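Please treat every number below as a calculation from the coordinates, not as lab data. Being a predicted model, the structure only gives us computed values, none of them experimental. No Cβ is skipped: glycine too gets one built from the backbone with ideal geometry, and neighbour counts run over all protein chains shown.
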Amino acid sequence: MTIGYINLSAQAVAAEQRGDFAEAAKLWAAANALAHGKNVYWSDERADFCRKAEKRSKVVAGEAFQYERAS
């Protein structure tokens with residue numbers, strides 16, 4: 001592991017913990033570029049999870065399917 005990967009993954013974990021999944025996905029993707037071995041798979045899966053979590057949070061908040069009601 002490189003210091004860059006460790007730093008980015010720690011930032012990604014912190015973003016996940018505060019619920020900022022969009023930022024976490026970006027950080028995991030950046031960490032993936034520096035990853036080696038099993039960390040390549042892990043960081044890719046975490047980025048994918050965070051992208052999906054961001055979409056789910058928008059659906060729950062009602063932001064994903066906004067539409068106008070016919071009058």
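Subtracting the Cα-Cα distance of ALA14 and LYS52 from their residue separation scaled by 0.36 nm leaves 11.9 nm.
What is the sum of charges, Lys and Arg at +1 and Asp and Glu at -1, for the other residues whose Cβ falls under 13 Å from the Cβ of VAL13?
Details: positive: ARG18, ARG46; negative: GLU16, ASP20, GLU23.
Taking every Cβ under 13 Å from that of VAL13, the sum is -1.
Amide H contacts of ALA35: none lie under 5 Å away among residues 5 or more positions distant or on a separate chain (H built 1.01 Å from N in the peptide plane; Pro and chain starts excluded).
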